[in-house]
Amino acid sequence: MIQLQLGASLSFHPRRVERSARVKVPKKAMPKPVSDTSSEALYQSRKNKLFREITLSGDTLVIRLFDNAIIDNDTVSLFLNGQKYVSRQALRAQPYVFVLPIKEMYDTTDFVMLAESMGFIPPNTALLRTNYGTEEQYIQMESTDTTSAMIRFLNPGGRPRMLMDLASLERDRIRDSTVRMDRLMSAMDKHADEIRTRIPSAEVLRQDTRIKVLFSTGMMFQKNSFEIGESYKYDLAALRNLWQQFPESRIIIEGHTDDSGPELLNLVLSRKRAQVVFDYLQLIGMPVSKMDIIGYGETQPKYPNDTEENRRKNRRVEIIIAPEY
């Protein structure tokens, strides 16, 4: 458990008194404004400057943080191992006090003081007093608009910080994966709408992260044929031009047949149908490295093979637009 409390006034360290005595506030001095940027964003953008490493002993660590001269409206945020515990607090003559049970701490704990307002007299300075076991230390700290002051506490026998870091990394991975997936789904929705607008003859289906494109007439083949007509070539050219807007995707060309004839011959025929589309797209400038072909034969009919009209519709090629992960 971590406790934060406002402590009683303590006697100042001699060095603090000496500095206070010789610093004067300009008559028209004004404090620098508090940044509008969040303290978390500031923490990520600034470098941590290590002022001291302290090896702990005993049961309890007490941290007291004072203003390190005259009171000039310094404000700080305080972080422990990258997690914010105090936000936009003014440094005073009275200390802010942290009480941490050492046995519950990690083997490494980074205490970071981030300056948000530099006060009347930049940079932001503070005096940190620590007590642990029978030990006591005083540390002069300084934070600027580019660096944050850090004290590293080493706790022999404490829990490995790696455990927390791995958990944090996993949370970040899940969050980043979710963000990437949301962006990908949004991009593919946009691509599908663009295809519908630019190629009215296309039937466009969204399937998870993929787009399936079919054409009502040009995709159909004569029985035992793998030749494509002029109208189909026009549609393929339009699709190829659209693909230039989302080149991060691949084109998967899937060939299909009806159930007429031997199954093995249908498998070969379906691949030839996919191949002729592949060859034409290559001819009009589609990169070969961005295309794949698959022949499914008669195994994936779109309609039941119970009428000649349905069989004609099953003699087709489907184009899948899929993102490259």
Item to check | Scan of segment 295-309 for residues that are outside any loop (DSSP other than H, G, I, E, B) and at pLDDT 90 or above, ordered by number | outcome: 295
Next on the checklist: Between a residue in segment 302-316 that is assigned by TED's automatic domain parsing to the domain that holds residue 270 and any residue that is among the aromatic types (Phe, Trp, Tyr) and outside any loop (DSSP other than H, G, I, E, B), which pairs come within a Cβ distance under 9 Å, given they are 6 or more apart or on different chains?
Outcome noted: 316/215
Checklist entry - If only one of 185, 141 is modelled with pLDDT of 85 or more, of a type in the set (A, V, I, L, M) and either touching a His at 6+ places or on another chain (Cβ under 8 Å) or not assigned by TED's automatic domain parsing to the domain that holds residue 86 (or both), which one is it? => result 185
Next on the checklist: Can you pull out every residue in segment 188-206 that is touching a residue at least 60 places away in the same chain (Cβ under 8 Å) and out of contact with any helix residue (DSSP H, G or I) (no Cβ under 9 Å at 6 or more places or on another chain)?
Outcome noted: 188
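Return the residue satisfying two criteria in turn: it lies in segment 47-68 and is hydroxyl-bearing (Ser, Thr, Tyr) and part of a strand (DSSP E or B), and of such residues it is nearest to residue 141 (Cα to Cα). Spell out the reasoning first.
Pass one, segment 47-68, residues hydroxyl-bearing (Ser, Thr, Tyr): 55, 57, 60.
Applying the additional criterion that residues be part of a strand (DSSP E or B) yields 55, 60.
Values: 55: 18, 60: 22 Å.
Among them, the one singled out is 55.
The values are calculated or read from the model by the stated rules, or taken from the named source; none is laboratory data. A quick note: this is a predicted structure, and the numbers were derived from the prediction, not measured. Counting neighbours? That spans all protein chains shown, and the Cβs are built from the backbone with ideal geometry, glycine included.
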